[in-house]
Each structure stands twice: as structure tokens, then as C-alpha cells.
Amino acid sequence: MLDIQGEKNKGFSHCDGFSRREFIKVGGMALGGLSLGQLLELEAKQGKGRQHKAVINIFLPGGPSHIDMFDMKPHATSEFRGEFNPISTNVPGIQICELFPKLSKIADKFSIIRSLHDSEGAHSAYQCMTGRTAREANSAPPGGWPNWGSWVSKLQGNNNGIPANVSLVYPTGAGWSKQGDGGFMGPAHAPMQLVEKDPSAKPQNMTLKDISLDRLDDRTRLRSAIDRFRRDADNKGEMEGLDTYNAQALEILSDNGLVNALDLSMEDTKVVERYGVNDPAYQRDGAPKMIRNFCIARRLVEAGARVVSMNYSRWDWHGGDGMNFPRSRQEFPLLDQGLSSLIIDLHERGLDKDVTVVVWGEFGRTPRLNKNNSRDHWPRTSFALMAGGGLRHGQVIGTTDKNGSDVVERPLKFQEVFATMYHALGINPRLATVRDTGGRPQYLVDSGILPIRELI
């Protein structure tokens, strides 16, 4: 049976008359003998709030072209430079593709990393969602490497009744939804999936068996649903992390913060329209163009989420159809609109010091055009764009050669981006550890990996 903790509250209450903070003890997140709920309650009594930092991780599935977007080579010969021209930004000396006019006006609010060089080269979200390569799975502790947000969930816990690690990653083909799970930390810290294959469907995780968020009016049915889940989990050997799951489920079911965050009808219409229009159709085996999820991601971090992961559209256009440039003309303006709106939103709401945004893909594209006037896979060079997080922006980090083929200055690894994100969240990636199932401390990044010094 569900163990209800705490004393009766004569004021505002849920279910049995218990306050929300007293409703449940959060298993697996105790700090010094105190549950997260108890810790928050003590802080509230002292007039202190927990610092809320967050990261929005935007993955562009398929390999977005570095040389056509943010590392253009206008002086290269025709077989390299492509069809687009660069435009100047509001930061002297920084140029980006002409199809990003909105971003060009706010370049002082983001940084471009042009020198990522250690891509695994696989069509998969895994490296951008875990910081590890698939090849590293062989050296993983029992249970496997977790999604990067799982570390944050484990170390910092849920915030304000909202799961720490949430996902807007749509199921796709080709590994582009392979975001990882809780790994050796267990299912309690896995990304909470907030979207389904059908973009219009309510997420299954927003329903506990047959108890939905918008119909929580029967405490008996709620208890029964949780008891059924407990039995099912026990039969499957998934009891580890169940207490945390119960806590999380009950927090969600007894508080409408997460539901409200996902409901764009509660957002200012003018703000929503600024992001652009969703296209729920899947881009072949990629993700749908749900550009307004950029706004939902902002709403989720405002509600309390610490890590929001998402995938957007499909960026693999080098086949026999030769669609690199036609598709770029379709996709770049939409990304320009959605991403610039997100960055502006964060600044307008005073969130630019607390919320970090990263945009990237699994690899870059061949500098030399192929016979179909398109670009093939190129793991030797790729880019990332970072905004917010109180980081130092308005700069370009790293340099590639005259054709964009190889990094010639400040080579960086994917894990260095992750180290920077951990730093922005207030986690020291050099010192923080989580013990695996064997009791061994595991570090968030490999030895010697540090946050990017130019940004912090």
C-alpha cells in the first residue's frame, strides 16, 4: 500500500488532508536524512528558495550542415562553398547563413562552437543525449550509461513537483530518438516522456494506469492504480526506484504544474505565434516539425524542469534526390524563427542567466559537394550553438580550415559541451559522482574534461 507521510493540514490540502509537501516522502533523494519535500519545506520556512537552473537540449536529427549554417566558407571554390551567402550579425566579425536573419540580430546572445571533432559518426541521438558514444557501452557500468539528464535528476532532484528530467523527443527511425534511459541509476531518473508518436496524443506517462491528470477525483482508484503498478513492477524486477516513481507520479497527479506547462492555450497568443506554426507530419524517419515545442520547453523550465530534451525535424538530405539546398531553404528559416524566439523569450523573462540552450546534431557535412549537389556525413567537424545560462556570449569558439574540413584551432569534444552545461546547472563535473550498482563512484564526464573556458 502507498505510505502517506506527515500530519494533517488544516489549511489547503490534497486527498486525505495532507499538504502537498507532506503528502509523500521522496524515496531515493534523501539528503542528510531529509527527503526533498522536507528540505524544500524547511527552506520555505526560512524564506529561502532552491536555485533553479535548467538546460534545453535541442537535437537536430540527421547531421545539420556546419558549412551551410554557422561556419560558412564564402571564399572557397565552388565545389565547397555551396549556394548560400553569409550575412553579418550584430557582433562585428561574426557571420552566419543569410537564411538566419533573425538570429543575426541577436548574435550577442549566443555563442557558436565551430570545432567539435569527436563525433562517433552514427545516425543516432545517443552522443548528444548522453555524452557517450555507442562504442563506450562496452565499458559502461552494469545497467549502462544514463541519459545526461539522469545525472542532474539524481544530484539535484525534482523541483517544485516537476520531474527534473523531461523529454520532448519523438519516436523516430535511424536512432534519432535514442536518448538513453536511467542507465545504472534506474528508471526513476530516466527522461519522463512527454510526447508520443502521434504529436496530438496525450503522453502515456501523464496517465497512471487508467487515472489521467484531468480526472483525478477518486482517491480509491488512485491507490488501486499505484498498487497495480507496484505488482507489475515487482513481477518485472523493476522495484528499484519505485518509491521515487510513486513520489513523482503523485506529485504530478496532485499538482497541475506540468499539465499547465504543456498547454500552449495558457500562453500569450502573440508569443506562441512568434515561434511559428507546428507541422505534425513526420519528416520521413526523422521527427515532426513541432517548432512550438521550443516554447513548451521554456514553459517546462519555468515550471521547474531542470533538463528538457527534444528533437526537431530531419536534417539528412544527401541522398539521390539532391535536396541539401532545397530543404535548407525550407528548414533554416523555421529554425531561425523558433530558436530566435526562444532566446528572446528567455531574455524578456529574465531567464537568460538561469536557462542554457544548446542546439546541435550528431555530425557535420562534407565540405565538398557530392555529385547530387548535396553533402555527405562528416564526423571530423561539427557545430553547436549555445545560449543563455549566464555564459559569455557573442563569440565564435574554434576554427576550421579554409574548406571547413578539419579543425585547426581549439578542437573541442562533445563532453566538453556537457561539462559546460553541468557547470551552468551548478554541478562541478570534476568532483560530482554517482555510485553505480556496485558501489563504485562514477563521474559525469571523462577524466580531464573541463567546461569550455571561453564560456564560463
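Summary of computed values
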| quantity | calculated |
| --- | --- |
| The listed residue being within 23 Å of the chain's Cα centre (by Cα) and not hydrophobic (A, V, I, L, M, F, W, C), out of Glu409, Glu362 | Glu362 |
| Some residue of segment 76-91 being at pLDDT 95 or above, surrounded by fewer than 18 Cβ atoms within 10 Å (Cβ to Cβ) and in contact with a strand residue (DSSP E or B) (Cβ under 6 Å, 6 or more places away or on another chain) | yes |
| Cross-chain or 6+ apart pairs with Cβ under 8 Å, segment 151-162 first and closer than 15 Å to Ser309 by Cβ, then among the polar types (S, T, N, Q) and in a strand (DSSP E or B) | Val152/Asn165; Ser153/Asn165 |
| Cross-chain or 6+ apart pairs with Cβ under 6 Å, segment 362-378 first and in contact (Cβ under 8 Å) with a residue 40 or more places away in the chain and crowded, with 22+ Cβ neighbours inside 10 Å, then outside any loop (DSSP other than H, G, I, E, B) and polar (S, T, N, Q) | Phe363/Ser382; Gly364/Ser382; Ser374/Asn324; Arg375/Asn324 |
| Only listed residue being farther than 30 Å from Phe325 by Cα, out of contact with any His (no Cβ under 6 Å at 6 or more places or on another chain) and part of a helix (DSSP H, G or I), chosen from Thr420, Thr437 | Thr420 |
| For Arg314: the one exception among (1) touching a Cys at 6+ places or on another chain (Cβ under 9 Å); (2) assigned to a loop (DSSP other than H, G, I, E, B); (3) of a type outside the set (Gly, Ala, Ser) | (1) |
| Residue within segment 62-70 that is surrounded by 13 or more Cβ atoms within 10 Å (Cβ to Cβ), under 20 Å from Arg327 (Cα atoms), of a type in the set (A, V, I, L, M) and touching a helix residue (DSSP H, G or I) at 6+ places or on another chain (Cβ under 9 Å) present | yes |
| Per-region count, segment 288-312, residues surrounded by 24 or more Cβ atoms within 10 Å (Cβ to Cβ) and either among the acidic types (Asp, Glu) or more than 15 Å from the chain's Cα centre (by Cα) (or both) | 1 |
| Search result, residues across segment 71-110 that are touching a helix residue (DSSP H, G or I) at 6+ places or on another chain (Cβ under 7 Å), hydrophobic (A, V, I, L, M, F, W, C) and in contact (Cβ under 8 Å) with a residue 40 or more places away in the chain | Phe84, Val91, Ile94, Cys97, Leu99, Phe100, Leu103, Ile106, Phe110 |
| Gly350 vs. criteria outside any strand (DSSP E or B), without any contact (Cβ under 8 Å) to a residue 12 or more places away in the chain, out of contact with any strand residue (DSSP E or B) (no Cβ under 7 Å at 6 or more places or on another chain) and closer than 21 Å to Ile106 by Cβ | yes |
| Conditions (1) crowded, with 21+ Cβ neighbours inside 10 Å; (2) within 20 Å of Pro61 (Cβ to Cβ); number of the one not met by Lys154 | (2) |
| Unmet requirement for Ser328, which otherwise passes all of (1) closer than 25 Å to Ile67 by Cα; (2) without any contact (Cβ under 8 Å) to a residue 24 or more places away in the chain; (3) not β-branched (Val, Ile, Thr) | (2) |
| Qualifying residue in segment 402-410 (condition: under 23 Å from Leu450 (Cα atoms) and of a type in the set (Ser, Thr, Tyr)) | no |
| Options Ala225, Ala174; residue that is surrounded by fewer than 21 Cβ atoms within 10 Å (Cβ to Cβ) and either in a loop (DSSP other than H, G, I, E, B) or modelled with pLDDT of 95 or more (or both) | Ala174 |
| Arg314, sole failed condition from (1) closer than 24 Å to Val417 by Cβ; (2) touching a helix residue (DSSP H, G or I) at 6+ places or on another chain (Cβ under 7 Å) | (2) |
| Per-region count, segment 177-203, residues of a type in the set (A, V, I, L, M, F, W, C), part of a loop (DSSP other than H, G, I, E, B) and crowded, with 17+ Cβ neighbours inside 10 Å | 3 |
| Residue satisfying all of: in segment 257-277; under 15 Å from Gly304 (Cα atoms) and of a type in the set (A, V, I, L, M, F, W, C); surrounded by the fewest Cβ atoms within 10 Å (Cβ to Cβ) among these | Val259 |
| Filtered residue count, segment 385-407, keeping only those that are hydroxyl-bearing (Ser, Thr, Tyr) and not in a loop (DSSP other than H, G, I, E, B) | 2 |
| Positions within segment 102-133 being within 28 Å of Thr366 (Cβ to Cβ) and over 19 Å from the mean Cα position of the chain (by Cα), in sequence order | Lys102, Leu103, Ser104, Ala107, Arg114, Ser115, His117, Asp118, Glu120, Gly121, Ala122 |
| Condition check for Gly389: at pLDDT 95 or above, within 17 Å of Phe59 (Cα to Cα) and crowded, with 19+ Cβ neighbours inside 10 Å | no |
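For (1) assigned to a loop (DSSP other than H, G, I, E, B); (2) not β-branched (Val, Ile, Thr), each residue gets a yes or a no:
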position: Leu99; (1), (2): yes, yes
position: Ile112; (1), (2): no, no
position: Ala122; (1), (2): yes, yes
position: Met129; (1), (2): no, yes
position: Arg132; (1), (2): yes, yes
position: Pro141; (1), (2): yes, yes
position: Gly144; (1), (2): yes, yes
position: Val166; (1), (2): no, no
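The values are calculated or read from the model by the stated rules, or taken from the named source; none is laboratory data. Not measured: the values here are computed from a predicted model. Using ideal geometry, Cβ is built from the backbone for each residue, glycine included, and neighbour counts are taken over all protein chains shown.
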